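Every number here is computed from the coordinates shown, using simple stated rules; none is lab data. Quick caveat, the model's predicted, so the values are computed rather than measured. Note that we place each Cβ from the backbone using ideal geometry, even for glycine, and neighbour counts take in every protein chain shown.
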Amino acid sequence: MRNQHKSRFLHQNMALHDEMKYSEFPDPFDKARKEQGCGEMNDQDDPVLMLLRHKDVRKCAHNWKTFQSGATPGRIVVPSEVHIRQTRQIPFEVDPPQHTAYRALVEDWFRRPLQPWYEQKLGALIQRSLEEALSAEQVELVREFSLPLQSRALTLLLNIPLSEAETWISWGTHVFRSEDNPLDSSKANVLYDYIDQQIARAMAQPGEDLYSHLLAADFQGRKLTTEEIKGVMILTFAGGRDTVINALTNTLAYFAGQPGALQFLRQQPEMIGRATEELVRYFSPLTHMGRVVTEDTQLCGRRVKADSRISLCWASANRDESVFERPNEVILDRKVNPHVAFGFSHHKCLGAPHARQLLKGLMHGLIEQVQSIEILQAEENMEHWGEFDRKVGFRRITARFHSLS
């Protein structure tokens, strides 16, 4: 009996160790950030200088005159999308002062998640997802939990029928590019055609949705063109897709590997706001975003030529030891947290209020309904950026949810 008990104890500890591994996201930028402050990668024969330090990332993000977002559509994205789209994402790929005017058209709309009625409806969607997970023998967290939840939540943001989420779920985790081939434009064309159809529908039958809001908007004394509306909608669909899916999945993996964390939040639910910011900092669902240099300059002691590219590496900046105490640990009640996971300055993420409310709602649902999460099988999703290999999430991760009741 004693040996059987010892064997069972060791097996449980080994399982817990495996789940802790899934909740850990190492920092591949540590050495280069400390020694050089930058790294290099080749993106489709268009080299990129990666800025790794928190101070440099914020400084360059703020300096839109030297480090431009409004270059060739698709060029500031890493990997570059110049070969798969010509439509400019708005206001993401526009610089001030025009960027300010575009953003003013949609900013109030994207702040709707802060309103109580929105939070309540979002909470109902999250509760449905958790109930489905709890009733299943097992669930694949990427495609069976996070993807459907992200898609259902997006119907709330766009103010359109919930049934439309089924179409978006069928697209998979990326709406804009193939997971296997970033140069494949066929998937982008599916999104373009869909948005064209939705704009035409809103023109014929205006409603209360985001398409209709944009069609009725006044922009500097004129109506937006179809191409401008399409640019806003492409950003809305693509910008919060895989990043939100990763954030949701990684949060579940974290709580699976750290069972005491759920109990901590159960006892101190007022810390969920801080926990949201900390998990976003730690996971940094978007590794980096590019800029195009407008004039010869110097960065990290290097000469940087005009029309070359840099990237603002949010993931590295969020682990900068000169800014964050114990940066490689998740501290759920971290008080000072100037992370840049949602960007910084002019181009700070429009969808941040929605993403934050989604993660907060998920944590509230977990502490109310879920005792623990057991990881059964997982395959990590690695990104390869030149000399850096970074875990950004999971290709697939299967889990079993255990009810609190």
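Some points to look at:
- Taking a sphere under 10 Å around the Cβ of L105 and counting the other residues whose Cβ falls inside, with K and R at +1 and D and E at -1, yields a net charge of -3.
- Packing, as the average of other Cβ atoms within 10 Å across residues, places the peptides 259-266, 342-349 in the order 342-349, 259-266, highest first.
- Cα-based shape type of the chain, given that a ≥ b ≥ c are square roots of the gyration tensor eigenvalues and the cut on a/c is 1.5: oblate
- Stretch gain in nm, segment E131-E40, where the contour uses 0.36 nm per residue and the Cα spacing is subtracted: 28.2 nm
- Protection proxy ranking for 243-249, 88-94, 226-232, using the average of other Cβ atoms within 10 Å per residue and placing the highest first: 243-249, 88-94, 226-232.
- Inter-part distance, segment 257-282 to segment 67-126, computed on C-alpha centroids, equals 28 Å.
- Placing a pseudo-label 7 Å from each Cα along the Cα-to-Cβ vector at Q220 and L114 gives an inter-label distance of 2.7 nm.
- Environment charge at N159 (Cβ cut-off 9 Å; Lys +1, Arg +1, Asp -1, Glu -1): -1
- In this structure the amide hydrogen of E40, modeled in the peptide plane, comes within under 5 Å of the amide hydrogens of M50, E387, none closer than 5 places in sequence on its chain.
- The mean sequence separation of alpha-carbon pairs under 8 Å and at least six residues apart, normalised by the residue count of the chain, gives a relative contact order of 26 percent.
- The stretch between I331 and K31, if pulled fully straight at 0.36 nm per residue, gains 105.8 nm over its current Cα-Cα span.
- Computed on segment 38-81, with alpha-carbon pairs under 8 angstrom and 6+ residues apart, the relative contact order is 30 percent.
- Cross-link table K121/K335; K34/K335; K59/K360; K34/K360; K65/K391, entries beyond 27 Å C-alpha to C-alpha: K121/K335; K59/K360; K34/K360; K65/K391
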